[in-house]
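Single-structure report; data block below.
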Amino acid sequence: MADLTRAPALSPALPTALPTRAELRRAAPAAVSAVAMAVMVAVCASLQPDVLTVPGLSLVLSATVPLVIAAQAQMTLMSVGDIDLGIGAFVGLVTVIAATSLVSSPVTGALILLGLVAAYTVLGVLVHLRRVPSLIATLGASFVWMGLGLSVLPTPGGTTPAWLAAFGAWQPAGFPAPLLPILLVAALVYLLACRSGAGVRMRALGSNPVALQRAGLSPLAARAVAYTATGALGVLSGLVLASQTGGGDVSSASSYTLMTVAAVILGGGSFRGGAAVPWGVAIGGVTLGLVSVVLSLLDVPTALQSAVQGVIVLAVLAGRVVVGKVLR
Amino acid sequence: MHLDNIPPREARRRGPDGAPVVTASGVTKTYGRTRALTGVDLEVRAGEVLGLVGHNGAGKSTLMRVLAGLESCDEGRVTVRGRHAAPGAAAFRGVRMAYQETSLCPDLTVAENIWLSSRHCLPRLRRRRAAGAAARRRLDEMFPGHGVSPRDRVEDLTLARRQMVEIARASLVDALDLLILDEPTESLGPDAARSLYDHVRSLTARGVAVLLISHRIGEVLSVADRVAVLRDGAVIAERPAAGLGEHDVLTLMGAQVAERDAHRPAPSAGLPADRPVVAELRGATGSGLRDVSVRVGAGEVVGLAGLAGQGQQDVLERLWRPARRDAKVRATRAYVPGDRQRSGVLPLWSVAENLVVTAMRGIARRGLRRPAEEREVVRSWVERLAIRGGADAAMTELSGGNQQKVIVARAFASSADLVLLDDPFRGVDVHTKTGLYRLIREEAARGRSVVWYSSENAEMAHCDRVYVLRAGRVVAELSGDEISEERIIAVSFAEPDPPTAAGRAQGAPGRERPQEARNHG
């Protein structure tokens, strides 16, 4: 063992301070998103100078928090090469649980939420063992989440537990409150997906499952871990969303499903699997969330907002492609 | 040969042979109808390098997978250090294999890849650093001046560096019993190859067994202590490498050893003058090819032979998409892919639809399909090739051989003048093959041209002319009676011309060499 880990006598490849071309290329998508984000903040500030104050930033950013967390969930699944088309309904179901069971009996509510995480684990195991495409499995699951949510709370409503409402209303001086959960969750996902052994296995599964198997590791376990993490992040996203809306609505997050995919792609992830980009996803998610703020500040008619939002996303993606080509 | 500075073989010899590390006795393995291994007895002993040679389809890769504990054998047994071991057993932990196609995750860094495969002998704490340090140290030992940093992602590395990382990955384990190297020098330069074999010698000096698979026979002979020759799924000879010449090995492999320069490709020889040329490559270079000239006449069956992956598929690709100026193709083309599951079959369609999809446009009139004519074409082909299940069967209901018939019929049912075959008869039963060979000859007699890459040299007997490729070059052009399995094996293993070899040896400057490599023996 000591034999393997003894420090190298000579190291020809000295770590350099400057990033290599390959590293630049990988960071490019997130950088393009960051530029887009900065532009949007600047546009907001020029229209409404209050945006640059702490309460203003809190207001602008708060809507993006659940989206960013859900995007981290999506990224975790995409790092193993799968995709989650049920995340929107799942987040909606969590808000329903938070507005009903979690209020009436906190213990039952917590157990139900744990059960939902476990359901994601089971989903991952099924996807792996039955070789169902994750696309189909998660799409099917989305109808289950939707149905469960509707049967618990047919119409939007309910109240959130006091502690959750307090978290939603928390306004610290000095820094915008929404930054805290965004950075905290990104750091957490970074530790899991980029620094831990489990993360290496997950990315290996997305990158080359044969190599993972030849190394004597179980692809099933890696997939189960990824799905569990996705479920946990989905629950977190739902709780944050409920804290902001103050109630439960199973369809409140239905737009998340595709928005999260877009956020991952904006942040530098890929459908191929193998890459984990938590910081990029945080930037991509905030960028996406800011688009609608900018559009409402610009007085774009609500009916047109989706179309304009799509065009902006396409423009950022095109920028990503161009930068990628330049750096190749 | 670029291993010239290894001490002479006699000096390396140890006295008594070591204890057997991995032993295979009477091992057989069958995939469907193909008998990959037909009873292999092989013993790899501690402290020796065993060279394993054999031609395409001799069973090398299957044998390796069985010896490495990745696959079970049908009959016979594999023992590791004298104990019977099932695949995946802990006994196989010390048996490590460096794969030719590498077994690395492209999206992960070098250190992460090393951690994945060697994690049980790395400390739990600070494992990233430990894995990186281990990777760097082993790479420094094996390939001084490798230029790989543990933080590099594998996808950003060159092919040669990936191969280095793969070999280092395989050798990084606390107790290495057997190291299997599968074509390790295929993408390495001469310098790296030499330092790898230096390291291999130092490993064997410490009692590790090494199994070396390579089609560079000269290399095997200069590194190995013993050489085992695999042919038709069995070890037909096991000889000490000392005193064995390249020609002896080739003869054992079934080659008819011809004089070195018996047949050089002459640019215009072979193609009968009265045949018009339908397709031609003139000095094609780049993307795997080096100065390849190929001519295909009307009504001719031209074979592309040699070891797998020496540029044959690139020739087909150039003929299929003649985008560059060096390719001239004056014929409509059809392509029969080798990997039928991935790029041949349309699994949801019926046999008839699969068969007629290419011909459909030729049959249609003004863009509208003509079902009656299509049915007629399908019926005639189903009859001609005796496709089981008939025209309406679902494609996935068919056996592999019958699926292959449909794929081949698809190409010939079209009006294409030039049909490109990309090793399409792998894993197809003999009966079907015979029918398809006849079909190819019949269609050629009607004036169609066929370019046929096959990894089975026996199939080349059905060709009018055969180009043998090696490392992206045409090394021989055989025609008529010259085409025989023995000749093809002989030319496809022939070492490059002496000037080239000398150039490679000179290109490798002398370096500081590891202590063990100089002193052991």
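The values are calculated or read from the model by the stated rules, or taken from the named source; none is laboratory data. What you see is a predicted model, and the numbers here were worked out from it, not measured in a lab. Cβ: placed from backbone, ideal geometry, glycine included. Neighbour counts: every protein chain shown.
For B:G147, all conditions in the list (1) of a type in the set (G, A, S); (2) in contact (Cβ under 8 Å) with a residue 24 or more places away in the chain; (3) on the phi > 0 side of the Ramachandran plot hold save one; what is the number of the exception?
Tallying (1) of a type in the set (G, A, S); (2) in contact (Cβ under 8 Å) with a residue 24 or more places away in the chain; (3) on the phi > 0 side of the Ramachandran plot, B:G147 fails exactly one: (2).
If you take the residues in region B:110-119 that are more than 8 Å from chain A (Cβ to nearest Cβ) and closer than 17 Å to A:L217 by Cβ, which one is surrounded by the fewest Cβ atoms within 10 Å (Cβ to Cβ)?
Filtering region B:110-119 for residues that are more than 8 Å from chain A (Cβ to nearest Cβ) and closer than 17 Å to A:L217 by Cβ, the one surrounded by the fewest Cβ atoms within 10 Å (Cβ to Cβ) comes out as B:A111.
Considering each of A:L236, A:L241, A:L205, A:L184 in turn, give the residue that is without any contact (Cβ under 8 Å) to a residue 12 or more places away in the chain and within 20 Å of the chain's Cα centre (by Cα).
Every option except A:L184 fails the conditions.
Just wondering, is there one or more residues in region B:31-48 that are within 11 Å of chain A (Cβ to nearest Cβ) and surrounded by fewer than 19 Cβ atoms within 10 Å (Cβ to Cβ)?
no
Residues that are at pLDDT below 85, polar (S, T, N, Q) and over 26 Å from B:G218 (Cβ atoms): does region B:427-440 have at least one?
Looking for residues that are at pLDDT below 85, polar (S, T, N, Q) and over 26 Å from B:G218 (Cβ atoms), one finds at least one in region B:427-440, hence yes.
Looking at A:G269, A:G289, which is the one that is in a helix (DSSP H, G or I) and within 28 Å of A:M146 (Cβ to Cβ)?
A:G289
I'd like to know if region B:190-197 contains one or more residues that are of a type in the set (G, A, S), in the same structural domain as B:L50 (by TED's automatic domain parsing), at pLDDT 90 or above and over 25 Å from B:P123 (Cα atoms).
yes
Of the residues that make up region B:123-131, is at least one at the interface with chain A (Cβ under 8 Å from one of its Cβ atoms) and assigned to a loop (DSSP other than H, G, I, E, B)?
Looking through region B:123-131, at least one residue is at the interface with chain A (Cβ under 8 Å from one of its Cβ atoms) and assigned to a loop (DSSP other than H, G, I, E, B).
A:A276 - would you say it is touching a residue at least 12 places away in the same chain (Cβ under 8 Å), more than 14 Å from chain B (Cβ to nearest Cβ) and under 28 Å from A:E23 (Cα atoms)?
Here the answer is no, as A:A276 does not meet what is asked.
In region A:17-59, which residues are farther than 20 Å from A:A315 by Cβ and polar (S, T, N, Q)?
Across region A:17-59, the qualifying residues are A:T20, A:Q48, A:T53, A:S58.
Can you tell me which residue among B:R465, B:R470, B:R448 is under 30 Å from B:V220 (Cα atoms), of a type outside the set (G, A, S), touching a Gly at 6+ places or on another chain (Cβ under 7 Å) and surrounded by fewer than 24 Cβ atoms within 10 Å (Cβ to Cβ)?
B:R470
Evaluate the following for A:G234: is it assigned to a loop (DSSP other than H, G, I, E, B) and over 21 Å from A:T302 (Cα atoms)?
In short, no.
Considering only residues that are surrounded by fewer than 16 Cβ atoms within 10 Å (Cβ to Cβ), among the charged types (D, E, K, R) and either modelled with pLDDT of 85 or more or closer than 28 Å to B:T185 by Cα (or both), which ones fall in region B:82-107?
B:E101
Here's a check for you: in region B:271-316, which residue that is in contact (Cβ under 8 Å) with a residue 24 or more places away in the chain and charged (D, E, K, R) is surrounded by the most Cβ atoms within 10 Å (Cβ to Cβ)?
Selected residue: B:E300.
Quick check: is even one residue across region A:249-263 in contact with a Lys or Arg (Cβ under 8 Å, 6 or more places away or on another chain), part of a loop (DSSP other than H, G, I, E, B) and either more than 18 Å from A:L135 (Cα to Cα) or not hydrophobic (A, V, I, L, M, F, W, C) (or both)?
No, region A:249-263 contains no residue that is in contact with a Lys or Arg (Cβ under 8 Å, 6 or more places away or on another chain), part of a loop (DSSP other than H, G, I, E, B) and either more than 18 Å from A:L135 (Cα to Cα) or not hydrophobic (A, V, I, L, M, F, W, C) (or both).
Here is a list: B:T158, B:T62, B:T102. Which entry is assigned by TED's automatic domain parsing to the domain that holds B:L188, touching a helix residue (DSSP H, G or I) at 6+ places or on another chain (Cβ under 6 Å) and hydroxyl-bearing (S, T, Y)?
Criteria check complete, one pass: B:T102.
Given (1) within 14 Å of chain B (Cβ to nearest Cβ); (2) in a helix (DSSP H, G or I), where does A:A315 come up short, assuming only one miss?
(1)
What residue, of A:G115, A:G168, A:G174, A:G140, is within 17 Å of A:G88 (Cα to Cα) and either out of contact with any Asp or Glu (no Cβ under 6 Å at 6 or more places or on another chain) or assigned to a helix (DSSP H, G or I) (or both)?
After ruling out the rest, the residue left standing is A:G140.
Looking at B:D140 and the list (1) within 25 Å of A:A198 (Cα to Cα); (2) out of contact with any Phe, Trp or Tyr (no Cβ under 6 Å at 6 or more places or on another chain), which single condition is not satisfied?
The one condition B:D140 does not meet is (1).
Could we say that B:L176 is assigned to a helix (DSSP H, G or I) and crowded, with 19+ Cβ neighbours inside 10 Å here?
no
Would you be able to tell me the number of residues in region B:108-125 that are modelled with pLDDT under 90 and of a type in the set (D, E)?
Summing the residues that are modelled with pLDDT under 90 and of a type in the set (D, E) in region B:108-125 gives 0.
Take the residues of region B:132-152 that are at the interface with chain A (Cβ under 8 Å from one of its Cβ atoms) and small (G, A, S): which is surrounded by the fewest Cβ atoms within 10 Å (Cβ to Cβ)?
B:G145
Given (1) charged (D, E, K, R); (2) at pLDDT below 90; (3) part of a helix (DSSP H, G or I), where does B:R388 come up short, assuming only one miss?
Evaluating B:R388 over (1) charged (D, E, K, R); (2) at pLDDT below 90; (3) part of a helix (DSSP H, G or I) leaves (3) as the failure.
Which one is nearest to the other protein chains (Cβ to nearest Cβ) among residues in region A:190-232 that are of a type in the set (V, I, T) and touching a helix residue (DSSP H, G or I) at 6+ places or on another chain (Cβ under 7 Å)?
A:V200
Could you tell me whether region B:340-362 includes any residue that is within 25 Å of the chain's Cα centre (by Cα), small (G, A, S) and not in a helix (DSSP H, G or I)?
Checked region B:340-362: at least one residue is within 25 Å of the chain's Cα centre (by Cα), small (G, A, S) and not in a helix (DSSP H, G or I).
Of all residues in region B:153-194 being within 23 Å of the chain's Cα centre (by Cα), among the basic types (K, R) and within 14 Å of chain A (Cβ to nearest Cβ), which is farthest from B:L63 (Cα to Cα)?
Filtering first and then ranking leaves B:R161.
Filter the helices (runs of 4 or more DSSP H) completely within region A:1-67 down to those with at least 2 residues that are at pLDDT 80 or above, more than 13 Å from chain B (Cβ to nearest Cβ) and closer than 23 Å to A:Q309 by Cα.
Here the list reads A:21-47, A:54-62.
Against the definition (at pLDDT below 90, out of contact with any Leu (no Cβ under 9 Å at 6 or more places or on another chain) and within 22 Å of B:A46 (Cβ to Cβ)), how does B:A205 come out, yes or no?
no
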